[in-house]
Amino acid sequence: MKKNIRKYYRLLPNRMMIRIENCVKNKDRRALLESIRLDKFLNSTDFESLDTNKYPICYIRKAAWDYPLFHMYFIVNMLDNIIYCLSKGYKPIIEFKNSDNINLWEQFLEQPCGPEGSKELDEIECDELDAYLHWPLCPTSDEISRYARLYNLFVKPNRQTQEYFDNEYETIIKGKRVLGVLCRGTDYTSNKPSGHPVQPSVNDVISLVKLKMTELDCNWIYLATEERSIFEQFEKAFPHQILVNKRKYYDEFYEIKKREGENARISWVHFGRKRDSYYKSLEYFSSVNLLSKCTALIAGNCGGSRTALYLNNNEYEYWHLFDLGVY
């Protein structure tokens with residue numbers, strides 16, 4: 001019965017689906033209907049042909065979480081909001097600000113549909129979302145293609161960010177056959193957040209990297225990690241073959257955890273420089289971008305590695321996310 005209802009619902013025009021959702025009082029049921037509609041809208045819409053300058057503006061000022069810094073889960077959260085706004089005929093403008101009154105999106109990215117919009121129509125504020133796109137925990141190649149489309153269309157680095165990306169790419173990996181490796185530590189492996197993918201041991205990652213470097217004829221490893229101790233283990237296993245971007249390491253997290261307990265977060269580590277939060281986020285974002293430009297990828301499953309897959313859009317010669325279940 002439920003399958004038949006979903007099948008019938010998907011046959012309805014988008015506007016009629018919205019009207020039905022507006023009449024549904026039960027939050028969980030409305031969220032289910034919205035998720036079906038958003039999925040259909042994503043699959044059936046030619047976003048490139050949308051003239052959003054004729055749309056009224058919808059300001060996105062809310063997020064699923066009070067993000068202190070820009071990171072990859074924030075991008076996913078905003079993409080959900082973008083598709084939700086477009087599905088209702090509004091042009092999204094992202095104005096979410098953190099506790100320091102910083103627009104996290106505009107720190108690094110252009111507005112998803114440009115700055116202009118219809119001033120002749122009413123402007124509104126985006127609702128708090130009940131439904132989200134289905135972002136897979138371990139995406140298949142088809143799912144990568146599906147969501148890579150959103151990144152290509154809506155996640156556009158601003159000029160300053162793109163120049164930083166280009167400089168690091170040309171300096172670090174351009175012209176080399178590089179195996180990209182992401183190996184998480186700190187608050188992820190220490191706190192083991194419930195529902196998040198289990199991270200592999202450093203030794204297991206190193207073992208697979210040794211095998212695949214030979215198979216893929218890669219002489220270099222680009223290593224994305226927030227721990228100096230992990231970098232040192234890789235440097236010992238692969239002397240003079242490790243490439244890294246300009247970054248700070250966060251091993252101080254463990255001292256913070258001793259003082260603050262189980263709720264300690266990597267964002268609590270500070271480096272005493274001007275605009276420290278900006279540079280922490282920029283170094284992280286650039287690292288994920290570099291991963292997406294490598295010949296191949298081996299990584300623990302996390303927001304950064306999945307973002308690299310979407311940015312790469314199935315161009316890797318080989319990729320592997322460790323699928324070890326969830327915490």
- Relative to the longest principal Cα axis of the chain, at what angle does helix 276-292 sit, 0 to 90 degrees, rounded to 10? 90 degrees
- Query: By residue number, which cysteines of the chain lack any other Cys whose Cβ falls under 4.7 Å from their Cβ?
  - Reply: 23, 113, 126, 138, 183, 218, 294, 302
- Query: Once the dipole of the range 211-290 is set up with Lys and Arg at +1 and Asp and Glu at -1 on Cβ about the Cα centre, which of 233, 277, 288 lies farthest towards its positive end?
  - Reply: 277
- Skip the ligands, DNA and RNA, and give the accessible area per residue of the chain with a 1.4 Å probe, whole Å². 51 Å²
- Message: Using a Förster radius of 51 Å, what is the FRET efficiency between residue 160 and residue 130 based on their Cβ-Cβ separation? Nearest 0.05, please.
- Response: 0.90
- Where labels lie 7 Å past Cα in the beta-carbon direction, separation of residue 8 and residue 171 in nm: 6.2 nm
- Task: Decide, for the range 186-276, between rounded, prolate and oblate: order the square roots of the alpha carbon gyration tensor eigenvalues as a ≥ b ≥ c, take rounded if a/c falls under 1.5, and otherwise choose prolate if a/b is larger than b/c, else oblate.
- Result: oblate
- Query: Which entries of 27/293; 174/258; 88/280; 176/236 show an alpha-carbon separation above 32 angstrom in the structure shown?
  - Reply: 27/293; 174/258; 88/280
- Would you please classify the overall shape of the range 142-182 from the alpha carbon gyration tensor, given that a ≥ b ≥ c denote the square roots of the eigenvalues, rounded means a/c under 1.5, and beyond that prolate means a/b larger than b/c while oblate covers the rest? oblate
- Whole-percent carbon and sulfur contribution to the accessible surface of the chain (1.4 Å, no ligands, DNA or RNA) stands at 49 percent
- Pick from 184, 146, 273: which residue has the top mean-square fluctuation in a GNM of the chain where Cα pairs under 10 Å get a spring? 273
- Post the alpha-carbon centroid distance, the range 130-198 to the range 258-327, in whole angstrom. 7 Å
- Task: On a 0 to 90° scale, report how tilted helix 14-23 is relative to the longest principal axis of the chain, with both axes built from alpha carbons and the result rounded to the nearest 10.
- Result: 80 degrees
- List every residue whose amide H lies under 5 Å from the amide H of residue 318, counting only residues 5 or more places away in sequence or on a different chain, with H placed 1.01 Å from N in the peptide plane. 297
- Task: Please give the helix 228-237 orientation as an angle from the longest Cα principal axis of the chain, in degrees from 0 to 90, rounded to the nearest 10.
- Result: 60 degrees
- Query: Let a ≥ b ≥ c be the square roots of the eigenvalues of the Cα gyration tensor of the range 236-291; is it rounded (a/c under 1.5), or, if not, prolate (a/b larger than b/c) or oblate?
  - Reply: oblate
- P(r) tail for the range 46-201, what percent of Cα pairs lie past 21 Å? 57 percent
- Query: If you build a Gaussian network model of the chain, linking Cα atoms that sit under 10 Å apart, which residue out of 180, 303, 114 swings the most?
  - Reply: 114
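The values are calculated or read from the model by the stated rules, or taken from the named source; none is laboratory data. None of the values given here were measured: they were computed from a predicted structure. Every residue, glycine as well, gets a Cβ built from its backbone with ideal geometry; the counts of neighbours run over all protein chains shown. Each accessible area value is taken on the protein alone, full model and side chains, heavy atoms only, with ligands, DNA and RNA left out. Shrake-Rupley method; radii C 1.70, N 1.55, O 1.52, S 1.80 Å.
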